[in-house]
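S.K.: I am attaching a structure below and will ask some questions about it afterwards.
The values are calculated or read from the model by the stated rules, or taken from the named source; none is laboratory data. What you see is a predicted model, and the numbers here were worked out from it, not measured in a lab. Cβ coordinates were reconstructed from backbone atoms using ideal geometry, including for glycine residues, and neighbour counts include every protein chain displayed.
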Amino acid sequence: MKNKEFWKGTLAGGLVVAVLGTGVFYGVNYTGGKSVLSDRKCTVKLAALEKIIDESYLGDKDQEKLKEGLYTGLIYGLDDPYSRYYTAEEYEEENTSNQGTYQGIGISMEKNKEGGIRIVECYEGGPGEAAGLKKDDIVSAIDGEDITDTAVSDVADMIRNSDKESVVLTVHRENVEEPMKIKVSITDVELPSVFHEMLDDQIGYIRITEFKGVTCEQYREAFQNLDEQEMKRLIVDLRDNPGGLLDSVCEILREILPEGLIVYTEDKDGNREEQTCDGKNELQIPLAVLVNENSASASEIFAGAVQDYGIGTIVGTTTYGKGVVQSIRQLSDGSAIKLTIANYYTPKGNNINKIGIKPDIEVSLDTSLLNKDKDEITHEEDNQLQEAIKAVEK
């Protein structure tokens, strides 16, 4: 199991119900109740603060950034770790991340200690792999522009925002004396969030790193491939999965659960919305689900439903405990806000917020085999996986 994940959402990555349509700006006389900006003391204090900035601040004042800071601060004042304000640019990135597709060359990368960026992974079937890029290649320039001291995010922007259909990378490869010039196409790339393989004794293994818009189809393809190899048992690994989209996890659970309730949500007014399964694709083989303390939100919906129906064994450590739902509303200028709007409940009515899901078989990962030079544990060394194997073999 990988112990480090690159280009991954944060632990607090929220379960998002939906991305709502473009909203409008609200004036200070907002009719839903007394607004912050209708308080004259607030507006006077803001004016006083800006006056002090104008009189004393050494640097240049960016009016637009000050405004963005005000909007950010308003949501920050809710003291909710899952609610936030997005600038138009940040919202575009968030939306792309949620859907699991982006404009790029199909690689994940990290900053190289000696300069440039190091390729961590070439996505299977992506333009980077097709062009001949390899893991651990070092890139020092893009279209002849030196990126030795450039941040990874800025490198990604250079590629994504290029007005060309391809870029030429200057690539340094171990045991190759001269740097290479490799031309790579820029296309729509689907981020892999599902990985699978067949273990011994016809045990299928599927790891889901996050629930994105593309994840359900990737899961179906993985399951079909394992099924064609005559899979007799299944392990789904949700360790370190921070969550993602409600629709995505529910669609996958419709490939597993019997007929009935998957999850339901309740907002502050008690309005209830249910996600259900028709049971037509109920899984007919033994199932185990691996979780840990970093399995959150949508991962907990998955584990909670499997546990409530008793159709599989949950193995690992108690999950993170995020039982609330967010929705994103885009405003008319392209910015957006993400707000916590509801609690969610497992089929048996359990709210696991700040509690988590307790596994049926509790076992902590033995990390004694890890060190600074080794960030992966093999399947044979992975004691949690070995317990899951025992569970599906019983």
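S.K.: If you scan the range 74-91, which residues turn out to be surrounded by fewer than 17 Cβ atoms within 10 Å (Cβ to Cβ) and in a helix (DSSP H, G or I)?
M.R.: Pass one, the range 74-91, residues surrounded by fewer than 17 Cβ atoms within 10 Å (Cβ to Cβ): 74-81, 88-90.
Correct list: Leu74, Ile75, Tyr76, Ala88, Glu89, Glu90.
S.K.: If only one of Ala151, Ala141 is farther than 19 Å from Pro192 by Cα, in contact (Cβ under 8 Å) with a residue 24 or more places away in the chain and exposed (fewer than 15 other Cβ atoms within 10 Å of the Cβ), which one is it? It would help to see each step written out before you state the result.
M.R.: Values: Ala141 fails: exposed (fewer than 15 other Cβ atoms within 10 Å of the Cβ).
None of the other options fit; the residue is Ala151.
S.K.: Right, something else. I'm trying to understand the selection: among the residues of the range 92-130, which are within 18 Å of Val167 (Cα to Cα) and part of a helix (DSSP H, G or I)?
M.R.: Of everything in the range 92-130, those that are within 18 Å of Val167 (Cα to Cα) and part of a helix (DSSP H, G or I) turn out to be Pro127, Gly128, Glu129, Ala130.
S.K.: Picking from Ile285, Ile262, Ile252, which residue would you name as being assigned to a strand (DSSP E or B) and within 24 Å of Val315 (Cβ to Cβ)? Please lay out each step first, then the result.
M.R.: Details: Ile285 fails: assigned to a strand (DSSP E or B); Ile252 fails: assigned to a strand (DSSP E or B).
Result: Ile262 is the single residue among Ile285, Ile262, Ile252 that is assigned to a strand (DSSP E or B) and within 24 Å of Val315 (Cβ to Cβ).
S.K.: Name the strands (runs of 3 or more DSSP E) wholly inside the range 294-365 in which the number of residues that are under 20 Å from the mean Cα position of the chain (by Cα), in the same structural domain as Glu92 (by TED's automatic domain parsing) and surrounded by 24 or more Cβ atoms within 10 Å (Cβ to Cβ) is 3 or more. First the steps, then the outcome.
M.R.: On the way: elements: 313-316, 324-330, 336-345.
Qualifying strands (runs of 3 or more DSSP E): none found.
S.K.: Give me the residue from the range 171-180 that is assigned to a strand (DSSP E or B) and over 30 Å from the mean Cα position of the chain (by Cα) and, out of that set, nearest to Ser97 (Cα to Cα).
M.R.: Just the residues of the range 171-180 that are assigned to a strand (DSSP E or B), to begin with: 171-172, 180.
Okay, now just the ones that are also over 30 Å from the mean Cα position of the chain (by Cα), so 172, 180.
Working: His172: 29, Met180: 31 Å.
Among those residues, the one meeting the criterion is His172.
S.K.: Every residue in the range 80-128 that is among the hydroxyl-bearing types (Ser, Thr, Tyr) and in contact with a Ser or Thr (Cβ under 8 Å, 6 or more places away or on another chain), please.
M.R.: So the first thing to find is which residues in the range 80-128 are among the hydroxyl-bearing types (Ser, Thr, Tyr), and the list is 82-83, 85-87, 91, 96-97, 101-102, 108, 123.
Matches in the range 80-128: Tyr82, Ser83, Tyr85, Tyr86, Thr87, Tyr91, Tyr102, Tyr123.
Residues are listed down the side, and each one gets a yes or a no for (1) acidic (Asp, Glu); (2) in a strand (DSSP E or B); (3) farther than 26 Å from Val155 by Cα:
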site: Ile182; (1), (2), (3): no, yes, no
site: Val189; (1), (2), (3): no, yes, no
site: His196; (1), (2), (3): no, yes, yes
site: Asp201; (1), (2), (3): yes, no, yes
site: Arg207; (1), (2), (3): no, yes, yes
site: Gly213; (1), (2), (3): no, no, no
site: Cys216; (1), (2), (3): no, no, yes
site: Tyr219; (1), (2), (3): no, no, yes
